[in-house]
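Notes to accompany the following structure.
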Amino acid sequence: MAPAQPFQDILNSGGGADFQDKGQKGTSFQDDLTFTSLKWNGDHTIKMGLKYKAIDINAFEQQPYNPQFSYDINNSLTTPYHVSFGAVTGGGSRDIITHNKQFGTYIQDDWAINDHLLLNLGIRWDYEQTPAFTNYAPPAALVTALQGWSNIHQPGVDYNINDYIGNGSNRHDFKNAWQPRLGFSYDIDADQRHVIFGGAGRSYDRNLFDYLALEQSKSTFPTYNFDINSPGHPCVVGVNNCLAFNSNLFDAATLAALVAANPNLGTEVDLINNNLKTPYSDQFSIGMRNSFHMLGNDWNSSATIAHIMSHDGIVFTLGNRRPDGTFFPPGTSFGNAPFGFPIPGYGSLILADNGIETKLNTLLLSLEKPYTKASGWGMTVAYTFSAASENHFSAYQSDDHYVFDYPNLDGIGFTRSLGLARHRLVMTGIYDGFWGMTFSGKLTLASPIPLQAENCHDTTDFNNCFWDPLTPKGTFGYKQFDLAVQKEWNAGPDVKLRVRGDLLNAFNWRNYTDYDTWRGGPAPDFNPTFGQRNGDGITYPTRMFKLTAGLSW
């Protein structure tokens, strides 16, 4: 049972909605070579290598796998008021398979110019063939429907549908994944005690097959929803997908027959840009690490500043347009997405493009007293400052590659990234105690993280809201203190037995996650509880004890 909104779930039972079977298998070959003792204006160590993989990837999912009936416990537990189910349309296999080929090669020169300066000069190139994407062509009936859909052929429509329709030969695998890398380290006194280091480089990611498979998988198993004329939920049979109750509705074949005449009606259509690029990141960093003697012990410290810019992340947007070709109704600039104007005979059109950009500036500081048997103790302190922003409104712990409030990301400004604390401090300690036991602890503190929110207050009307994350007030958004104790025994020649106890979140601190993110309507309408906690949701764990045992030899 899965009651639809505005009702809330009381009980879910029976066959679940979700079913997935995804994986990969294949073979690979890798060879790495290192050449040492090469001299030219210093010492050179040349590293090079290549890797080849042949991988079969499959992505199978059906949602919902089993029909989902909704019941209203206040009226009837025998007659459902709603049913949601999926049906195979015959538009292709649900098990999307691709036979990918991956190739990568690199060369790097570690050039020790003298006892002080070391340069790392390298370049890497990667290439991947994904035939399930490059060879894909949508069904002819869908292409005909798209070409005849007048909504997307009006003047002013911001995309050309032909840029998303593959024909089996107009797509190509990305070949420009060149990744130069430059690094250096300068040992001030040539004794490894004070070293300045830095680097710059580019790194390419992969286009996840889970995304690339959507244009094939979405159209082969659409979801259908029907209301059922039932006590407390009356509807007119035959109008707006309203059914009369019949026990035969519990038969999957009966449900399939309801949509057999027009199986594509309501089917979501996903199409990917034919010229899809591969996401990449550019990183720049500089820092210094030190080794020194203090309080009778050796210590290490490090300070690093890094800047990372990521480009060409995949974003899925709504391709639907109104009859005049517009995305927004007149006088609006946010939301009001035209979901009510689907492809004739199908459902909504979802387009995938490159477009997501992120920026990160970070400072990392660390101090370490390494554990040694002689001293019997060790500790670390690590602090991270992170200032991150992005040009899309990623729903933290959700599908952050969908954006439906705007037709695309063109001209969208950067807002603070969700889910990342600006300040984070982690301290650890270890101590050899009595009876041969080892005690350790870990303290984690972090400032509040930004939450998903829209701003409809600092604007003229509800049609012009904009993305504006909320950062809850307070010093700490997360804190946790863990303790552990471990005892180890010799259980024979080269055999050791150990028992460990962990007390997680020893003070049972609550790290709350639910806050009122509604600022209110356009000024002067302001929500007085904006930013205040409005629920008891927390980030786990609560206080927990864990006992483990291990044997090593």
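The values are calculated or read from the model by the stated rules, or taken from the named source; none is laboratory data. Worth saying up front: this structure is predicted, and the values here are computed from it rather than measured. Heads up, the Cβs are rebuilt from the backbone with ideal geometry, glycines too, and the neighbour counts pull from every protein chain shown.
Figures for the structure shown
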{"item": "Evaluation of LYS53 against (1) of a type outside the set (Asp, Glu); (2) surrounded by 15 or more Cβ atoms within 10 Å (Cβ to Cβ); (3) in a loop (DSSP other than H, G, I, E, B) (one fails), failing number", "result": "(3)"}
{"item": "Members of the range 144-191 that are in a loop (DSSP other than H, G, I, E, B), polar (S, T, N, Q) and surrounded by 13 or more Cβ atoms within 10 Å (Cβ to Cβ)", "result": "GLN154, ASN167, ASN170"}
{"item": "Close pairs from the range 519-539: first under 21 Å from ILE449 (Cβ atoms), partner surrounded by 15 or more Cβ atoms within 10 Å (Cβ to Cβ) and among the acidic types (Asp, Glu), Cβ under 6 Å, at least 6 apart", "result": "THR529/ASP516; PHE530/ASP516; GLN532/ASP516; ASN534/ASP516"}
{"item": "Selection status of ILE286, without any contact (Cβ under 8 Å) to a residue 60 or more places away in the chain and either part of a strand (DSSP E or B) or not charged (D, E, K, R) (or both)", "result": "no"}
{"item": "Residues (farther than 20 Å from GLY313 by Cα and either modelled with pLDDT of 95 or more or in a strand (DSSP E or B) (or both)) located in the range 192-220", "result": "ARG193, HIS194, VAL195, ILE196, PHE197, GLY198, GLY199, ALA200"}
{"item": "Selection from the range 207-244 of residues that are within 29 Å of the chain's Cα centre (by Cα) and β-branched (Val, Ile, Thr)", "result": "THR220, THR223"}
{"item": "Checking ASN505 against (1) of a type in the set (S, T, N, Q); (2) in contact with a strand residue (DSSP E or B) (Cβ under 8 Å, 6 or more places away or on another chain); (3) more than 17 Å from VAL426 (Cα to Cα); (4) free of Cβ contacts under 8 Å to residues at least 40 places away in the same chain, the condition it does not meet", "result": "(3)"}
{"item": "Residue count for the range 335-357, restricted to those that are part of a loop (DSSP other than H, G, I, E, B) and either among the aliphatic types (A, V, I, L, M) or farther than 18 Å from ASP400 by Cα (or both)", "result": "13"}
{"item": "Flag if LEU271 is assigned to a strand (DSSP E or B) and under 29 Å from LEU146 (Cα atoms)", "result": "yes"}
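This table checks each residue for (1) under 22 Å from ALA177 (Cα atoms); (2) surrounded by 15 or more Cβ atoms within 10 Å (Cβ to Cβ).
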site	(1), (2)
ASP32	yes, no
SER37	no, no
ASN41	no, no
LYS47	yes, yes
GLN68	no, yes
ASP72	no, yes
ALA87	no, yes
THR98	yes, yes
ASP109	yes, yes
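To keep it simple, each residue is scored yes or no on (1) at pLDDT below 95; (2) of a type outside the set (A, V, I, L, M, F, W, C); (3) over 20 Å from the mean Cα position of the chain (by Cα).
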| residue | (1), (2), (3) |
| --- | --- |
| ASN275 | no, yes, yes |
| TYR280 | no, yes, no |
| ALA306 | no, no, yes |
| SER333 | yes, yes, yes |
| ASN336 | yes, yes, yes |
